[in-house]
Amino acid sequence: MAFQTEYEFELPRGYVDDSGTLHKRGVMRLATAADEILPMRDPRVQQNQGYLTIILLARVVTRLGDLKHVDTKTIEKLFTADLAYLQNLYRQINDLEAPKLHTACPKCDHEFEVEVDFLSVTEGLS
């Protein structure tokens with residue numbers, strides 16, 4: 001089985017370009033370290049952290065309908081439902097699956113797996 005680096009998607013609403021054409025199907029690739037680091041230098045992100053999402057998605061969405069190029073202007077013009085959809089897809093394909101710990105209930109000995117969330121554990125330590 002080959003390692004998957006690109007994921008097809010279909011936007012819930014779709015992007016309407018300047019000529020009125022609706023674009024719904026696209027491709028998102030896995031993010032690289034540069035995709036997450038380089039936008040932090042962008043003045044738009046330094047002025048407004050919310051803009052990081054726009055730049056990240058413009059870097060990883062490699063195709064959207066028949067558009068020749070997807071850039072920040074394209075992502076800015078998405079409907080909010082489509083932006084939320086792409087943000088969720090980004091998290092799904094780029095986040096590692098949470099590690100699971102096999103354990104048993106100390107009272108009834110029922111065995112089960114529990115996801116370990118290291119972020120919530122470390123947040124409580126500071």
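What follows draws every value from the coordinates through simple rules; no lab data is involved. A quick note: this is a predicted structure, and the numbers were derived from the prediction, not measured. Virtual Cβ from ideal backbone geometry, glycine too; neighbours counted across all protein chains shown.
General remarks:
- Within the chain: Cβ-based charge dipole about Cα centre, in debye rounded to nearest 20 (Lys, Arg +1; Asp, Glu -1): 500 debye
- Listed residues 49, 23, 84: farthest to the positive end of the dipole of the chain (Cβ charges): 23
- Measure of compaction for the chain (Cα Rg per 2.2 N^0.38 Å): 1.38
- Under 18 Å from the Cα of residue 24 - lysines, other chains or at least 8 residues apart: 68, 73, 77
- Applying both filters, DSSP loop and at most 13 other Cβ atoms within 10 Å, to the trypsin sites (Lys or Arg not before Pro) of region 4-113 gives 68, 77, 107.
- Mean separation of Cα contacts under 8 Å, 6 or more apart, over the residue count of the chain: relative contact order %: 21 percent
- Between residue 109 and residue 8, the simple label model (points 7 Å from Cα in the Cβ direction) yields a spacing of 5.1 nm.
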